[in-house]
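The values are calculated or read from the model by the stated rules, or taken from the named source; none is laboratory data. What you are looking at is a predicted structure, and each value in this text was computed from that prediction instead of being measured. Backbone-built Cβ (ideal geometry, glycine too); neighbour counts: all protein chains shown.
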Amino acid sequence: MRKQINVVAAIIHDGEGRVFATQRGYGEWKDYWEFPGGKIEPGECAEEALRREIWEELETRIVIERLEATVEYDYPKFHLTMRCYLCRIESGSLTLKEHEAARWLSMRELESVGWLPADWGLVKTLKDTMNKEERYRLLTKQIRALTDGETDAVAVMANVCAAIHGAMGFFWTGFYRVKEGALLLGPFQGPVACTHIGFGCGVCGTAWERRETMVVPDVEQFPGHIACSSQSRSEIVVPVFSREGEVVAVLDIDSKERSTFDDIDRRYLEEICRMVKL
Ligand code: SME
């Protein structure tokens, strides 16, 4: 009968998609990044053990958010069950008492870290821990870097809509540009869309005419909505202004669910559109 060992690990995240990983600096696993934690002592429940371990190892108190994964390892002499909990810091300074090194790993770095079992879906998990506002904050930083110093309109629009679409998971994200008195389809992500939209027509043409952001919780209730896809249920359209204050384009985003967009989307997307200099 193989011995059963039960351990716990803390996936401490910072709400911005980074997790705290530690390195032991000794033994077989010394160069591997891992999550802090340890053995469950007799009479302890898993969560108690985790709180104790993190206090002993890092002088930090944690808030346990949920059990994220249970990983089973089969070794020749024992079977190890590791329960991994998603946690946040409650208080404490992450002082290294038992580790050689520690650092916050970003989502991209995590994907390349040695031992993390891929089937944890951890990267997706971390994205899920970010609320809309946090995602937009990161996205805005990324877009500032992408657009800074770039003068080609197509390059800017292409990267901006790809960044938004990837970070937020919308159904359709793209630009329509004002050209010869109408809106003409520009760079976008998602299914094929209508090519021309007239001034004052649909949600896009209305945002252009009124020179303001349109938030449409239910496209079926918007008179004159132009259905490029029958799957679209709600929409936000933000005008892009030139330095002279003319509407030169609109950013159009569609969702497959009703009531996707609110004031948070409006605020951040307006900020993003101010970075787009066409
Ligand atoms: N629904 C938009 C047309 C563009 S597509 O959604 C991509 C509108 O009513 O203006």
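Being aliphatic (A, V, I, L, M), surrounded by 11 or more Cβ atoms within 10 Å (Cβ to Cβ) and over 22 Å from His13 (Cα atoms) narrows it down to one of Leu80, Leu67, so name that one.
It is Leu80.
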It is to be established whether one or more residues within the range 9-26 are touching a residue at least 40 places away in the same chain (Cβ under 8 Å) and more than 22 Å from Glu109 (Cβ to Cβ).
yes
Anything in the range 55-89 that is aromatic (Phe, Trp, Tyr) and outside any helix (DSSP H, G or I)? List them, or say none.
Tyr73, Tyr75, Phe78, Tyr85
State yes or no: is Ala227 within 10 Å of the ligand (Cβ to nearest atom), buried (at least 22 other Cβ atoms within 10 Å of the Cβ), of a type in the set (A, V, I, L, M, F, W, C) and under 30 Å from the mean Cα position of the chain (by Cα)?
no
Please verify whether Arg51 is surrounded by 17 or more Cβ atoms within 10 Å (Cβ to Cβ) and either farther than 23 Å from Ile5 by Cα or at pLDDT 90 or above (or both), treating the condition exactly as stated.
yes
Looking at the range 171-184, which of its residues are within 22 Å of Asp265 (Cα to Cα) and within 11 Å of the ligand (Cβ to nearest atom)?
Phe171, Trp172, Thr173, Gly174, Phe175, Tyr176
Does at least one position in the range 16-27 carry a residue that is among the small types (Gly, Ala, Ser), at pLDDT below 85 and surrounded by 15 or more Cβ atoms within 10 Å (Cβ to Cβ)?
yes
Given the conditions (1) more than 10 Å from the ligand (Cβ to nearest atom); (2) within 18 Å of Leu184 (Cβ to Cβ); (3) in contact with a Lys or Arg (Cβ under 9 Å, 6 or more places away or on another chain), and given that Val276 satisfies all but one, which numbered condition is not satisfied?
(3)
Can you find a residue in the range 190-210 that is away from the ligand (no atom under 12 Å from the Cβ), in a strand (DSSP E or B) and surrounded by fewer than 21 Cβ atoms within 10 Å (Cβ to Cβ)?
no
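With the condition kept exactly as written, say whether any residue in the range 39-48 is under 30 Å from Glu133 (Cα atoms) and of a type outside the set (A, V, I, L, M).
Yes - at least one qualifying residue is present in the range 39-48.
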Checked the range 211-224 for anything assigned to a loop (DSSP other than H, G, I, E, B), more than 8 Å from the ligand (Cβ to nearest atom) and surrounded by 16 or more Cβ atoms within 10 Å (Cβ to Cβ); matches are Thr213, Pro217
